[in-house]
Amino acid sequence: MLENKGNPTFNKSTGLPRKRFYRARAHSNPLSDSHFPVPLSPQHVDYSLHFPQIFPSPDRSGDARRIEFADVGCGFGGLCISLSTLFPEKLMIGMEIRDKVTEYVKERILGLRTTNPGQYQNVSVKNHRRRVISPFLLDEYAYVLREGGIIYTITDVEELGVWMRTCLENHPIFEGITDEELEADPVVKLLVSATEEGQKVARNGGQTFQAVFRRVALSG
């Protein structure tokens, strides 16, 4: 990435952005800026802005590929980037509440695309102001998730973990994943090992609280 040569915000040897120049408060007020673009429908999303090599133009007619992983509250992008190489044929996007951190993830992905030709074309990031699990937001997740799609939640705050699990247990369109399925799911292992927050909790000997549920058909 020659354009970044001499730029102190980028690592000279890797060409990737340095995290310390993009830090921001982890819990910004999500209601402080309610003016952000929301597509009228999934069909109105311009994939070429996120995956330009896969979608050279906004016209997606005839291409059935859709985003299959969404990391809501993606932080510095560790999980998305790990999933990108684990599932190279699937599209994925991270959604982050903090502007500076979103910019870091954008630069990180661009750097990885440059230094690893042909890779990381299936991952992108978007700044978005809503992310907390609630009964009402779960209705939106149920809308965008296909039947059989899986929602993964993880936090190091026990009260929040209990709240998210309770919301999912009480929702009619989500059911818990069995222990056997959790053990065999490679994404579950990445929830802790691939995210920066998960790594920090592990280093400090802390505990995380997970809830993994499947989107099912509405009975009746």
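Only the coordinates and a few stated rules stand behind these numbers; no lab work does. Note that the structure is a prediction, hence the values are computed from the model and not measured. Here the Cβ positions follow ideal geometry from the backbone for every residue, glycine too, while neighbour counts run over all protein chains shown.
Below is a table of values for the structure above.
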quantity	calculated
Residue exposure sequence - Lys126, Lys189 - by fewest surrounding Cβ within 10 Å	Lys189, Lys126
Gain in span if fully extended, Glu183 to Thr115, counting 0.36 nm per residue against the direct Cα distance	21.1 nm
Extension gain from Ala202 to Leu86, taking 0.36 nm per residue of separation minus the Cα-Cα distance	39.5 nm
Computed Kirkwood radius, in angstrom, where 1/r is averaged over Cα pairs of segment 69-141	12.6 Å
Ranking of Asp179, Asp156 by count of other Cβ atoms within 10 Å, fewest first	Asp179, Asp156
Fewest-first ranking of Ile97, Ile67, using other Cβ atoms within 10 Å as the exposure measure	Ile67, Ile97
Segment 64-91-segment 206-220 distance, computed between alpha-carbon centres (Å)	19 Å
